[in-house]
Structure formats: C-alpha cells, structure tokens
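Read through the structure below, which is laid out as structure tokens, and then see the notes.
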Amino acid sequence: MKNKKIINSFKYAFVGIGSSFKTERNMKIHFTIMLLVIFCGIFFKISKIEWIICLCCFAFVIGAEMFNTAIEKVVDIAMPQKDPRVKLAKDISAGAVLIFAISSAIIGLIIFIPKIIEFI
C-alpha cells in the first residue's frame with residue numbers, strides 16, 4: 001500500500017510537469033532554451049561543475065515557472081473577479097520567475113562567452 005502511494009506521487013508529479021509543458025507558453029520557451037544550452041554544453045565540452053551549475057539553473061527556472069503557474073491557477077479559482085491584490089500576487093510570482101531566468105541567463109553567459117571567444 002505504501003509503495004503504491006509513492007508510485008502515485010511520482011505519477012501525479014509527472015502529470016503536472018506534462019500539463020505545464022502542454023499548457024504554458026513560457027514553459028515551452030524555458031524548455032527550448034534548456035535544450036539549446038544542453039547542445040552548447042556538449043559542443044563546447046563544459047566541465048562537470050559547469051554542468052552542475054547549468055542543471056541547477058534549469059531546475060530553478062522551470063521549478064519557479066511551475067510555482068508561478070500553480071499560484072496563478074489557485075488565485076484565479078479563489079478570486080475570479082478583478083482585485084488589485086490578485087494582480088499583485090500574480091505579478092510578484094511572475095517577477096520571481098523573471099529573476100531566476102535573468103540570473104540563469106547571466107550565469108550561462110559567464111560560462112559560454114569565454115568558450116565562444118576561444119572557439120572563434
């Protein structure tokens with residue numbers, strides 16, 4: 001019985017990941033950028049520590065996007081009418097994703113610009 005609950009937990013988590021990818025445009029953008037970074041990482045042969053940093057950035061941005069989506073959905077259900085507090089909550093959660101995305105982009109530039117310059 002306990003194993004079935006654990007398996008179901010993973011199943012529901014994967015359904016959530018799949019749903020967010022299918023329904024959220026920004027998730028598709030993040031995923032596409034992730035694939036591009038993975039390709040560049042392979043091409044430029046980044047180090048193990050650089051891979052770890054990139055993987056952490058992927059997790060932070062995609063995880064933040066999923067939290068943002070969940071917050072937006074719950075807020076829409078709890079308060080479907082317009083309210084400045086609802087807008088503020090949504091704007092703040094979107095801002096958090098933007099901070100993670102910008103930080104990750106800067107980290108990516110720090111990792112890849114020297115490799116691109118060396119390649120040229």
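Coordinate-derived values only; no laboratory data. As the structure is a computational prediction, the values presented were derived from the model and not from experiment. Note that we place each Cβ from the backbone using ideal geometry, even for glycine, and neighbour counts take in every protein chain shown.
The single condition among (1) surrounded by fewer than 11 Cβ atoms within 10 Å (Cβ to Cβ); (2) within 30 Å of I116 (Cα to Cα); (3) more than 20 Å from the chain's Cα centre (by Cα) that I46 does not satisfy is (1). Reported count of residues in region 91-114, each being touching a residue at least 60 places away in the same chain (Cβ under 8 Å) and more than 16 Å from the chain's Cα centre (by Cα), is 2.
Total residues in region 62-76 satisfying the condition of being within 17 Å of K22 (Cα to Cα) and under 15 Å from the mean Cα position of the chain (by Cα): the figure is 9. Of all the criteria given as (1) closer than 30 Å to F119 by Cα; (2) buried (at least 16 other Cβ atoms within 10 Å of the Cβ); (3) not polar (S, T, N, Q), the one not satisfied by A64 is (1).
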